[in-house]
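Input: a single structure, listed below in structure tokens.
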Amino acid sequence: MPKADINKAGWEQSEFPILCETCLGPNPFIRMSKQEFGRSCGTCARPFTVFRWNPGSGARYKTTVICQTCAKVKNVCQTCLLDLEYGLPTQVRDTALAIQNEAPTSDINREYYAQNMENKMEDGNKSLMQVGTRATSAGKEMLKQLARTNPYYKRNRPHICSFFVKGECNRGDECPFRHEKPVENALSHQNIQDRYHGNNDPVARKIMANHSEAQGLKPPEDENITSLFLSSLPASATELSIRTHVINSLPQIPSSQLRSVVHVVKSRCAFINFKDRDSAERAAEAWANGLDMDSERVHVKWGRSKGPSKSATPTAGPSAIPAPA
């Protein structure tokens, strides 16, 4: 931290960036430019040291977009904002490990929060991920299945040429940008704030949705179904303990979205009813590998309406039966 100018207190200086293997590129010999206080951090808005480099032949120049303090807090790359250990979006990692996002998103508090976290890390804590002791075996198993162990250098390709899209590019093969037609879908709308804080990240939602379907938790076609069925509960389970486990395992879903918990003691099962379909789908994605409760693995399935009418609204309790696996 610079000491000479009091106005620069809190600004960050660094000698080398925090990068993942993909962003660094396959070339072990790269030249990197360094600019102190070159831009403001994309999350905390504090000026920091910017690094810029070319990962390799045929790749675009890449640059750091967040400061090292914010990267250490979330254990992510300064450029792509993906987790350094698993190569996944923070929303996937935090959902699997049941980690609550404590970083403020408002302009007023985020710089103050970043300075406090920097002071804490100077005391010996390298990352907030060190305190994530609530990780269950099901969450760790989910991360192992989804982890990206090999670098994906295709992500370093140049951006699409905007003039080519308009039909006005006259550079031909000499154009440094890609001559392709852009594909308009949910993945086209990504931003730094959603990726860093793990809120409504389209890439994360796609990864978790595909994983839950692969585990047999494909959402039913009936949009009125908002309940999940838990089976093989521990013998010591009560309605209160089930509710507590459900709320603690879903920190990104407000507890107010939980409509009710119906515990069937004799059958050692329970029905978890949510107020809306989106909350139920997010819970199914988080519990794709099951739910750990009292050192036992609880199986999760979608509920369904009991009756001939497909449009009938499912009710809580025994009237909702599990969908076949």
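What residues have an amide H closer than 5 Å to that of residue 298, excluding those fewer than 5 places away on the same chain, when H is modeled at 1.01 Å from N in the peptide plane?
It is 291, 292, 293, by chain and number.
Of the peptides 145-152, 295-302, how do they stack up when ordered by the mean number of other Cβ atoms within 10 Å, highest first?
On the way: 145-152: 13.1, 295-302: 17.9.
Final packing ranking: 295-302, 145-152.
Residue 239 versus residue 155, label points 7 Å from Cα toward the beta carbon: distance in nm?
4.6
How many Å² of accessible area per residue for the stretch 151-289, probe 1.4 Å? List each step's numbers first, then the result.
Values: 7730 Å² over 139 residues.
About 56 Å² of surface per residue is accessible.
For the pair residue 52/residue 177, report the inter-label distance in nm, with labels modelled 7 Å from Cα in the Cβ direction.
1.7
What are the semi-axes of the equivalent ellipsoid of the stretch 197-245, taken as the square roots of 5 times the eigenvalues of the Cα gyration tensor, listed largest first and rounded to whole Å? The partial results should precede the final answer.
Numbers: eigenvalues 137, 51, 29 Å².
Each semi-axis is √(5λ); the values are 26, 16, 12 Å.
In Å, what Rg and Dmax follow from the Cα atoms of the stretch 188-316?
For the stretch 188-316, the Cα-based Rg and Dmax read 15.2, 49 Å.
Which of rounded, prolate, oblate describes the stretch 242-282, given a ≥ b ≥ c as roots of the alpha-carbon gyration tensor eigenvalues and a/c under 1.5 marking rounded, otherwise prolate only if a/b is larger than b/c?
On the way: a/c = 2.43, a/b = 1.69, b/c = 1.44.
Since a/c reaches 1.5 and a/b is larger than b/c, the shape of the stretch 242-282 is classed as prolate.
Taking amide H atoms as placed 1.01 Å from N in the peptide plane, list the residues 5 or more away in sequence, or in a different chain, whose amide H sits under 5 Å from that of residue 304.
321, 323
Give me the number: length gained by fully extending residue 191 to residue 260, i.e. 0.36 nm times residue separation minus the C-alpha to C-alpha distance, one decimal in nm. Mind showing how you got there, number by number?
Values: separation 69, 0.36 × 69 = 24.84 nm, distance 3.47 nm.
Extra length available between residue 191 and residue 260 comes to 21.4 nm.
Report, in listed order, any pair from 275/301; 154/181; 144/301; 181/218; 218/301 with a Cα-Cα distance greater than 20 Å.
Numbers: 275/301 17 Å; 154/181 17 Å; 144/301 22 Å; 181/218 32 Å; 218/301 9 Å.
In this structure, 144/301; 181/218 exceed 20 Å between Cα atoms.
Ignoring any ligand, DNA or RNA, what whole percent of the accessible area of the stretch 186-259 comes from carbon and sulfur when the probe is 1.4 angstrom? Don't skip to the answer; put the middle values down first.
On the way: 1850 of 3730 Å².
The computed percentage sits at 50.
Residue 231 to residue 278: FRET efficiency via 1/(1 + (r/R0)^6), r the Cβ-Cβ distance, R0 22 Å, to the nearest 0.05?
Numbers: r = 24 Å, r/R0 = 1.08.
Computed FRET efficiency for residue 231 and residue 278: 0.40.
The values are calculated or read from the model by the stated rules, or taken from the named source; none is laboratory data. Bear in mind that the values here come from a model prediction, so they are computed numbers and not experimental data. Cβ sites come from the backbone with ideal geometry, for glycine too, and all protein chains shown count toward neighbours. In case anyone asks, the SASA skips ligands and DNA or RNA and just uses the protein heavy atoms, side chains included. Shrake-Rupley method; radii C 1.70, N 1.55, O 1.52, S 1.80 Å.
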